[in-house]
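The values are calculated or read from the model by the stated rules, or taken from the named source; none is laboratory data. Keep in mind the model is a prediction, meaning the values are calculated, not measured. Cβ: placed from backbone, ideal geometry, glycine included. Neighbour counts: every protein chain shown. Calculation scope for accessible area: heavy atoms of the full protein, side chains included, ligands and nucleic acids excluded. Shrake-Rupley method; radii C 1.70, N 1.55, O 1.52, S 1.80 Å.
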Amino acid sequence: MGSADIVPGVSGGTIALITGIYGHLIEAISNIRFGFLKPLVKGDFKGFWNQLLEEIDFKFFIPLILGIGIAFLTLAKVVTYCMEYHTALTYSFFLGLIIASAVILFRKIDKINIKHVLCAVIGLILTYIFVSLNPIAANHSLLIIFISGMIAICAMILPGISGSFLLLLLGQYKYMLTALHEFHLSEIAVFAVGAVIGILGFSKILNFLLKNYEELTMAFLIGVMLGSLKVPAVEIVSSASVDVFGILPCIVVAVVGFALIIVLETKFDYME
């Protein structure tokens, strides 16, 4: 998830979905209500600890957050290198990942009806419009970074919507990537606080939708993924050679990415 969230156009939520932990992730986040603070204020440390263990799934969050954090710190340079020097092949791989993820979501819908089609079309149109927007010019004050963290994290847990691409539109992507590389503690901390506040609120909405309108939500997310394909497609077309020697490797890499996700979904599906 951390590796995917670094890349504009690819969502960490997509990775969570294909590895079978997406529902668990959303529910675990939405269950955090900070009720453990009440006994702490009263000096009831035993009650605080019991409530903390009840609300927060540490067995799930600790390895997940460690994995995301390590990916952010170690792979940021690798991903940016691949995007800069092997742009067409890198985005071809992402293209395959996204298409496979949409296929996996499609397989989770038992019976297609007009409501599913409409939700998918709405998701596709809205996402296509969104990814066609131009990045805005914004300053890098701590307030703007805080707000950017709140907005971007919501996209990071949605399959098909890239939090990094949102940061790109908000004019904060390169700035925050540099802050991560050079370990600017104040910017990273403010962004993280905004992200925590954003994800706690948004996860409750997502959890409600998945529990009450799961198939319609899945259909909408399929449209979101299909709409987001414009991002890697544009990069491939603008970077790859038009001859067979330029396009063929891109097709091969996209197929590899597609196959990888299908295999992963088959292996990890038991986790649901």
Practice task
Heads up, I need the accessible area for residue 82: 1.4 angstrom probe, whole protein in place, Å², nearest 10.
Solution key: 40
Completion exercise
Of all lysine pairs in the range 26-114 that are eight or more residues apart or on different chains, those with Cα atoms under 30 Å apart total 6
Completion exercise
Quick P(r) readout (the chain; Cα-Cα; 5 Å bins; whole %) gives 1, 6, 11, 16, 18, 17, 13, 9, 5, 2, 1, 0, 0, 0, 0
Handout entry: Among 192, 120, 100, residue whose mean-square fluctuation peaks in a GNM of the chain (springs only between Cα atoms under 10 Å)
Key = 192
Practice task
Determine the gain in length on full extension of the stretch residue 247-residue 72; use 0.36 nm per residue of separation and subtract their C-alpha separation, reporting nm with one decimal.
Solution key: 60.0 nm
Problem - Of 207, 93, 61, farthest towards positive along the dipole that unit charges on Lys, Arg, Asp, Glu beta carbons give the chain - result: 207
Practice task
Could you size up the charge dipole of the chain around its Cα centre, putting +1 on the beta carbon of Lys and Arg and -1 on that of Asp and Glu, and report it in debye to the nearest 20?
Solution key: 420
Completion exercise
Among trypsin sites (Lys or Arg not before Pro) in the range 27-85, those in a DSSP loop whose Cβ has at most 12 other Cβ atoms within 10 Å are 33, 42
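Relative contact order for the chain: what is it in percent, counting Cα pairs under 8 Å that are at least 6 residues apart?
36 percent.
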Fill in the blank from the handout: Carbon and sulfur atoms account, in whole percent of the 1.4 Å probe accessible area of the chain, for 73
